[in-house]
1. Rounding to the nearest 10 and keeping the result within 0 to 90°, find how far the Cα-based axis of helix 454-472 lies from the longest principal axis of the chain.
2. Kindly express, to the nearest 10 degrees and within the range 0 to 90, the angle between helix 214-230's C-alpha long axis and the longest C-alpha principal axis of the chain.
3. Taking residue 98 as the anchor, which lysines have their alpha carbon closer than 18 Å to its alpha carbon, excluding any fewer than eight residues away along the same chain?
4. Given an 8 Å cut-off on Cα distances and at least 6 residues of separation, report the relative contact order of region 115-358 as a percent.
5. Taking a probe of 1.4 Å, how large is the accessible area per residue of the chain, in Å²?
6. What is region 316-459 by shape, rounded, prolate or oblate, if you read a ≥ b ≥ c off the alpha carbon gyration tensor as root eigenvalues and call it rounded for a/c under 1.5, prolate for a/b larger than b/c, and oblate otherwise?
7. Could you put 298, 188 in order of accessible surface area, largest first, with the 1.4 Å probe and the full protein assembly present?
8. If exposed means no more than 12 neighbouring beta carbons inside 10 Å and the site is in a DSSP loop, what's the longest run of the chain without any exposed chymotrypsin sites (Phe, Trp or Tyr not before Pro)?
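The values are calculated or read from the model by the stated rules, or taken from the named source; none is laboratory data. In this text, all values refer to a predicted model and were calculated from it rather than measured experimentally. Neighbour counts run over all protein chains shown; Cβ positions are idealised from the backbone, glycine included. Accessible surface areas use protein heavy atoms only, side chains included; no ligands, DNA or RNA. Shrake-Rupley method; radii C 1.70, N 1.55, O 1.52, S 1.80 Å.
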Amino acid sequence: MAAVAEQWVLVEMVQALYEAPAYHLILEGILILWIIRLLFSKTYKLQERSDLTLKEKEELIEEWQPEPLVPPVSKDHPALNYNIVSGPPSHNIVVNGKECVNFASFNFLGLLDNPRVKAAALASLKKYGVGTCGPRGFYGTFDVHLDLEDRLAKFMKTEEAIIYSYGFATIASAVPAYSKRGDIVFVDKAACFAIQKGLQASRSDIKLFKHNDMDDLERLLKEQEIEDQKNPRKARVTRRFIVVEGLYMNTGTICPLPELVKLKYKYKARIFLEESLSFGVLGEHGRGVTEHFGINIDDIDLISANMENSLASIGGFCCGRSFVIDHQRLSGQGYCFSASLPPLLAAAAIEALNIMEENPGIFAVLKEKCKRIHKALQGIPGLKVVGESISPAFHLQLEESTGSREEDVKLLQEIVDQCMDRGVALTQARYLEKEEKHLPPPSIRVVVTVEQTEEELEKAAATISEVAQSVLL
């Protein structure tokens, strides 16, 4: 029975072969021949090898030029030519052997050389030694670290604070600790480089809005709202963040926080506020831009700042609700993998906080001095002042560019050099030009501190005006 069935199948196959169209048979024949060729042919052919003589090899090696590891850099590049500081960079600074009034260091409250701060650091140095030699999770947590975190949380009126050993790493670690791939971050185009690095590490979807332009931000938020309506399932798992600075490093302008808070609640986003310049500067007690505008600090999801400006120490901190801050202890790269803050610097920061709390009038003094020099620098031919009148760090830019960034930088550097010769220490704002998302124009950065006298402020403004006219006109 089985034999009959096999014969019947064979007969059907032969019959189908006869009935098939000619083109079908030709195509099948070609495919069969191609398969047979692939099975029996070699996958590659060995090219005939010709051995080189020793002399020919040496000639080829001598002619070969490797590509440079890094692009060539001119020896007169500013990064390769340092201004050497001798002694503390406080009110008066010795630069390249010349004593000047310091308008370059971010020592806003004049605490860098404060006797109380130095005494606290020295006592801590004798007790704990120089460093920690370990991150916070590996025997790098000292009691003075916990004291500082507690003091910062109480000062900022938040539930909890966390400290980092490096100011730049603070916001650069905080952003990717929360925002991941697939999340959306709305960020100001003027955001500082530390924020940019944090965004890059997060691998989130970045949407840039025009500097301090709330209409442009709302346009982006509306567009995202429409996209979310098209795909509600994805929208439910996508987090949205707004990242801004309280007082912008690159522009010296204050963020419009009240409008940002309104947009936060309207479009259900979270606000991350970077306050490295505004902490210890804005507000009646120096608590930053939230106090300046009278905003409830609970309306801000995360606040970060460094301790390298007003506190005259090193490192940075984040503060907010406990469940938000505790997440960084598990996911903040700079916290988990870097050696913790040296105890002497934590002690110095605590003492600086004590001084700030004991002398709340210091912030009004700083504000008045900022307004004074800001006004005095208006109307200098060839230069324009960029930044708020109450910002202790603002910029002087060329009114009209030469058309070449390199030439603009040279002109501004000439002004800086001549001012230094006359006893006023300034600096140009520096950027990693190939790394910046939106490269700011070249500028001279002017920094105001409470230690500068009225006479020194007037002298600095007059010196800058005279030098600028001689260089630019």
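1. 50
2. Once rounded, one gets 30 degrees.
3. Straight-distance partners of residue 98: 459.
4. Normalised by residue count, the contact order of region 115-358 is 32 percent.
5. Here the residues of the chain average 55 Å² of exposed surface.
6. Oblate.
7. The most accessible residue leads, giving 298, 188.
8. Result for the longest clean stretch: 83-473.
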